[in-house]
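Everything on this sheet refers to the single structure shown next.
No value in this document is a laboratory result; all are computed from the given coordinates. What you see is a predicted model; the values in this text were computed from it and never measured. FYI the Cβ positions are ideal-geometry reconstructions off the backbone, even for glycines, and counts take in every protein chain you see.
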Amino acid sequence: MIRILLADDYTIIRKGVRQILTQAYPTAEIGEIEEGEEWMEKLRGTPWDMIISDLPQPDKGGYLALQQIRQDFPALPVLILSLYTKEHHAFRALQSGASGYLGKDAAPDELLWAVRQILSGKKYIAIPKDN
């Protein structure tokens, strides 16, 4: 059974991603938290296979949270699902320890492809077009 933790401030985003994942992985356990809400407790309390997270305010601490997760859980893959579509955000997220980066404007099939790639031990990045 796959265990995926969704972290996003917006309930509608979490519910939408959950629905996409549940259709593709009906037996998966999918947890949800808001950004910053009991991160470490939730990560220490359950062995997750993957985190799908927003990158909150990348210029104001989002990368620090990613680095903390990487430090405390070095083998846990993190897919960043972000509104920030500038290329430098994607590369900085990977440098900070993300396993993948995908814009929130991606199609559901692309999200599932990214999840498959990351769960198989690969990296995934959808290079956003700079605005």
Residue 23 paired with residue 123, simple spin-label distance in nm, labels 7 Å along Cα-to-beta-carbon:
3.0
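Report relative contact order for the chain in percent, whole number only (criteria: Cα-Cα under 8 Å, sequence separation at least 6). Could you put the intermediate results ahead of the total?
Working: 203 pairs, mean separation 28.6, N = 131.
Worked out over the chain, it gives 22 percent.
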Show the residues, 5+ positions off or on another chain, whose built amide H is closer than 5 Å to the amide H of residue 31.
4, 5, 6
Simple spin-label estimate for residue 106/residue 15, 7 Å along Cα→Cβ, in nm, reads 2.3
Cα gyration tensor shape of the chain, rounded if a/c is under 1.5, else prolate or oblate by comparing a/b with b/c
rounded
Local electrostatic count, residue 115, Cβ distance below 12 Å [Lys/Arg +1, Asp/Glu -1]
-1
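With both bridge residues required to lie in the chain, what share of the DSSP beta bridges run antiparallel, to the nearest 5%? If you can, show how the numbers build up before the last one.
Details: 0 of 18 bridges.
The antiparallel proportion sits near 0 percent.
Once you charge only the Cβ atoms, +1 for Lys and Arg and -1 for Asp and Glu, what is the size of the charge dipole of the chain about its Cα centre, to the nearest 20 debye? Walk me through the intermediate numbers first.
On the way: 15 positive and 18 negative charges, 78 e Å.
Value, rounded to 20: 380 debye.
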Tell me the label-point distance for the pair residue 49, residue 91, using the 7 Å Cα-to-Cβ offset, in nm and rounded to one decimal.
3.3
Estimated FRET transfer efficiency when R0 is 35 angstrom, pair residue 32-residue 68 (beta carbons, to 0.05)
0.95
What does the charge count near residue 100 come to, summing +1 for each Lys or Arg and -1 for each Asp or Glu among other residues with Cβ under 12 Å from its Cβ?
+2
